[in-house]
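What follows is a set of notes on a single structure, which appears directly below.
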Amino acid sequence: MQLREVQGPPRPLLEQQVTPLPYPVAALGDLLGSAVERMADVIGVPCAMAAQSVLATTALASQAHANVHLDGRIYPLPLYLLTVACSGDRKSAVDHIALQAVRDWERQQWIAYGEQLKAHRASMSLTAKSPTSKKSAQLALDAQPEPVQPRLLSAEPTIEGLVKSLCHGLPSMGLFSDEGGQFLGGSTMSKNNMIKAITHLSTLWDGSPIDRSRAMAGESLRAYDRRLSMHLMLQPRLQDADIKDQGILGRCLISWPERLVGQRLYKAIDLTRDPKVHLYQQRIAALMQKPWSRHTDGGLTPAVIELSPRAREAWIAIHDTIECESGEFGELVNVQAAASKAAANVLRMAGVMAVVEESTVLEDMHIQRASTLMDYYLAENQRLTEQEPLNKLRAEADCLLRWLIKKNWPPFRLRDLTRNGPRFARKSTRHTFELLLQLVTHNWLDNDGDIFEVRHVPTQ
């Protein structure tokens with residue numbers, strides 16, 4: 001049967017997507033950067049994904065120990081990171097390795113807490129049975145507060161639960177989840193609770209006091225010098241639907257790496273014995289074991305890190321450049337929310353790197369390296385803001401076209417594709433027909449009646 005010519009050249013099925021920049025791993029320094037490269041290589045994830053997990057973990061381990069001070073301003077060290085990745089991209093695997101030393105510390109604390117709670121209850125029981133007046137017994141009981149639950153990591157808290165934990169539990173915590181959609185899509189981020197949740201998260205990022213007034217007795221809270229770092233790993237569908245309009249994004253360091261599915265051949269390497277990863281784990285463990293300096297009210301008293309003269313000069317230049325580029329005709333005009341917090345995030349990342357590298361002063365190299373990282377995050381923010389949303393049907397049609405070309409399919413009918421085509425293209429006859437319609441409409445298939453053939457367009 002003679003196939004009919006399609007009029008006009010083929011038209012792209014997808015808008016050209018801007019390729020993400022490679023993550024500047026070297027800017028993380030020898031300790032963190034080497035660990036990131038090894039994790040990425042062995043686990044089979046992009047360096048950007050490994051870097052997100054490592055940087056978030058390092059911020060969590062560092063945030064209780066120091067603040068950056070500059071001209072009377074205090075910059076706490078928590079970082080908020082968002083990583084966009086599909087199911088099966090090994091988010092959990094890389095997060096497991098990055099957080100291993102933190103989870104080991106937390107487990108030790110829970111074991112100690114269990115023993116302390118048992119001893120506390122035994123002591124209370126003895127005090128209650130002692131032959132003293134009720135008033136004396138009550139005073140003795142009040143003088144023996146119950147041990148604090150050592151909840152460091154939380155994956156899916158309510159915002160009220162998170163705030164209470166910071167006030168009555170550990171003053172430094174991490175909101176970490178490799179299924180961040182459970183948090184963003186849960187009741188905490190529902191329409192009724194979203195503004196409240198974002199306000200609390202923004203306040204915690206800023207390092208402001210927690211202040212909650214309630215009519216019910218015992219529900220009002222006031223707490224100073226609490227710290228929270230966050231790393232949520234999200235499915236791509238949440239990028240447009242749930243996150244885009246939330247004001248918290250300006251404070252977040254966002255990365256959406258390219259996928260490596262199909263390229264991740266198994267590597268018989270034990271990362272727990274890898275020297276570079278081991279050094280990283282040792283340093284994180286040392287920071288976790290280092291006692292926190294605390295006020296009598298339970299708040300943290302982090303050490304002061306100041307900038308060297310050269311570092312101060314470099315940061316001011318970075319701050320002013322970002323501000324100028326955020327104006328009406330500047331390069332950062334479309335990402336003003338992220339740009340407005342970029343200089344502060346430079347100081348935070350520089351401070352985190354200084355702490356993990358055991359430096360008591362922010363040097364020029366810390367600022368320059370943090371600035372390089374911030375350039376990446378601003379570029380990612382621009383890429384995700386400016387590119388067109390992905391059309392799923394056309395994306396599948398594009399994938400089907402590439403499959404047909406690779407398999408060198410001869411002229412075929414609809415039923416041939418529903419029987420022997422790729423799985424994604426044969427969910428239903430209707431779905432298969434819609435994919436073919438996209439290819440015909442965009443001039444990638446010739447068709448005559450019910451017979452289709454891929455157009456072989458000569459290369460230009």
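The values are calculated or read from the model by the stated rules, or taken from the named source; none is laboratory data. What you see is a predicted model; the values in this text were computed from it and never measured. Counting neighbours? That spans all protein chains shown, and the Cβs are built from the backbone with ideal geometry, glycine included. With ligands, DNA and RNA removed, areas are computed over all heavy atoms of the protein, side chains included. Shrake-Rupley method; radii C 1.70, N 1.55, O 1.52, S 1.80 Å.
A few remarks follow.
- Enumeration of residues in the range 407-423 that are free of Cβ contacts under 8 Å to residues at least 40 places away in the same chain and either over 18 Å from H442 (Cβ atoms) or not in a helix (DSSP H, G or I) (or both): K407, N408, R413, R415, D416, T418, R419, N420, G421, P422, R423
- Verdict on D297 being modelled with pLDDT under 95, open to solvent by 80 Å² or more (accessible area, probe 1.4 Å) and within 28 Å of L378 (Cβ to Cβ): no
- Condition met for A286 (among the hydrophobic types (A, V, I, L, M, F, W, C), farther than 29 Å from P171 by Cα and without any contact (Cβ under 8 Å) to a residue 60 or more places away in the chain): no
- Filtered by the rule that a residue be under 14 Å from A370 (Cβ atoms), buried (at least 17 other Cβ atoms within 10 Å of the Cβ) and not small (G, A, S), the range 302-338 gives I305, L307, W315, I318, I322.
- The single condition from (1) more than 30 Å from I195 (Cβ to Cβ); (2) touching a residue at least 60 places away in the same chain (Cβ under 8 Å); (3) touching a strand residue (DSSP E or B) at 6+ places or on another chain (Cβ under 9 Å); (4) among the polar types (S, T, N, Q) that N345 fails is (1).
- Only one entry of L393, L435, L404, L373 meets the criterion of being in a helix (DSSP H, G or I), open to solvent by 10 Å² or more (accessible area, probe 1.4 Å) and not hydroxyl-bearing (S, T, Y), and that entry is L393.
- Sub-8 Å Cβ pairs linking a first residue in the range 56-72 that is assigned to a helix (DSSP H, G or I) to a second residue that is at pLDDT 95 or above and among the charged types (D, E, K, R), at least 6 apart or interchain, are A59/R348, ordered by first then second residue.
- S136, sole failed condition from (1) in contact with a Leu (Cβ under 9 Å, 6 or more places away or on another chain); (2) at pLDDT below 75: (1)
- Residue list for the range 269-285, restricted to those being over 27 Å from A343 (Cα atoms) and either open to solvent by less than 50 Å² (accessible area, probe 1.4 Å) or outside any helix (DSSP H, G or I) (or both): I269, D270, L271, D274, V277, Q281, A285
- Search result, residues across the range 82-118 that are open to solvent by 60 Å² or more (accessible area, probe 1.4 Å) and either assigned to a loop (DSSP other than H, G, I, E, B) or at positive phi (or both): S87, R90
- Conditions (1) open to solvent by 20 Å² or more (accessible area, probe 1.4 Å); (2) of a type in the set (S, T, N, Q); (3) within 37 Å of the chain's Cα centre (by Cα); number of the one not met by T429: (3)
- A66 being more than 30 Å from G44 (Cβ to Cβ), open to solvent by less than 10 Å² (accessible area, probe 1.4 Å) and of a type in the set (A, V, I, L, M, F, W, C): yes
- From the options A66, A101, A85, residue that is of a type in the set (G, A, S), closer than 26 Å to A343 by Cβ and either within 12 Å of the chain's Cα centre (by Cα) or at pLDDT 95 or above (or both): A66
- Here N381 clears all of (1) open to solvent by less than 50 Å² (accessible area, probe 1.4 Å); (2) more than 30 Å from Q63 (Cα to Cα) except the condition numbered (2).
- Per the conditions (1) open to solvent by 40 Å² or more (accessible area, probe 1.4 Å); (2) more than 30 Å from A35 (Cα to Cα); (3) in a helix (DSSP H, G or I), the sole criterion not satisfied by K341 is (2).
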